[in-house]
Amino acid sequence: MIDTVLFDLDGTIIDTNELIITTFLHVIQKNQLRPHTREEIIPYMGLTLEHQLQVFSGREEVADLVADYRKYNRERHDELVGEFPYVQEVIGKLHAQGITLGVVTTKIRETAMLALERFGLLKYMKAIVTVEDVQHPKPHPEPILTALEKLKANPERTLMVGDSAADLQCAHAAGVLSAGVAWSLKGVEELQKHEPDYILKDMTDLYGVLGWEPVNQ
């Protein structure tokens, strides 16, 4: 029986997709990097910011690009972030039923907390593991293993929910169950290449994964 659910943040429980893509396009244009389309940016979402900017710039040292990204991203955060259907409802119900909840993200803590607070999700999360809390970010297992340690959770009864290959690879490596979300910009076919245990068509599918009776909408 699953008693712990870990969530990725960007693109999984909070719709930051437009914010992320818009910010990358801004940084690319401002720094006169090789132009990239939205479609070229999307496959790298879910990896660390530094890695993405190294790919888009062809540079090893990207501290200045990171600074530009964080500044612009923070300025437009509240304007461009949104909610996914049923996330509030489902997370609230899981918490009320005693499921232990956490977030495992490649965001820095400041922006992770900002997003969780904005949509009223922070109060449900017993552990939040950010890129600043680990030596090795996703797809390495360390972020999930760190969450398991913080929560004293059993990996065999833990589910990781995410929208990227990095989430699913991290879950497999950490020995927990995995669920890909069908609203991922990467597409279900791409997620299925990484053999998730479940695909969620929307967040209410978690009720079935947990073995609960279907909940009427």
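Bear in mind these aren't lab numbers, they're just calculated from the coordinates by the rules spelled out. In this text, all values refer to a predicted model and were calculated from it rather than measured experimentally. Counting neighbours? That spans all protein chains shown, and the Cβs are built from the backbone with ideal geometry, glycine included.
Summary table below
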quantity: The range 34-155: radius of gyration over Cα atoms, expressed as a fraction of 2.2 N^0.38 Å; calculated: 1.18
quantity: Extreme residue, positive dipole direction of the chain, given options ALA173, GLY120, MET45 (C-beta unit charges); calculated: GLY120
quantity: All-pairs Cα distance distribution in the chain, expressed in whole percent, bin size 10 Å; calculated: 8, 36, 37, 15, 3, 0
quantity: Kirkwood Rh, Cα atoms: Rg over Rh of the range 1-52; calculated: 1.12
quantity: Packing-based order for 161-174, 12-25, using average beta carbon neighbours within 10 Å, highest first; calculated: 161-174, 12-25
quantity: Gain in span if fully extended, GLU39 to VAL188, counting 0.36 nm per residue against the direct Cα distance; calculated: 52.1 nm
quantity: Neighbour-limited loop hits for trypsin sites (Lys or Arg not before Pro), the range 176-211 (at most 14 other Cβ within 10 Å; DSSP other than H, G, I, E, B); calculated: LYS193, LYS201
quantity: Inter-probe distance in nm under a simple model that places probes 7 Å from Cα toward Cβ, at LYS71 and LYS150; calculated: 3.0 nm
quantity: Residue of PRO139, PRO35, PRO43 that the Gaussian network model of the chain assigns the largest fluctuation, springs spanning Cα pairs under 10 Å; calculated: PRO35
quantity: Cα-Cα over 19 Å, subset of LYS107/LYS138; LYS126/LYS201; LYS71/LYS123; LYS123/LYS150; LYS138/LYS186; calculated: LYS126/LYS201; LYS71/LYS123
quantity: Interchain or long-range residues, amide H under 5 Å from MET45's placed H; calculated: none
quantity: Karplus 3J(HN,Hα) series, Hz, for the range 184-192 with 6.51 cos²θ - 1.76 cosθ + 1.60 (x for Gly, Pro); calculated: 4, 5, 6, x, 5, 4, 5, 5, 5
quantity: Sum of -39500 (n - 2.57) over DSSP H runs of 4+, divided by residues of the chain (222 nm, nearest 500); calculated: -12500 deg cm²/dmol
quantity: GLU89-VAL55 FRET efficiency (beta carbon distance; Förster radius 22 Å; 0.05 resolution); calculated: 0.05
quantity: Calculated from backbone phi, Karplus (6.51, -1.76, 1.60) coupling profile of the range 142-151 in Hz, x at Gly/Pro; calculated: 3, x, 5, 4, 5, 5, 4, 5, 4, 8
quantity: Translational diffusion coefficient (Stokes-Einstein; Kirkwood radius from C-alpha pairs) of the range 1-104 at 37 °C, 0.692 mPa s, in µm²/s; calculated: 214 µm²/s
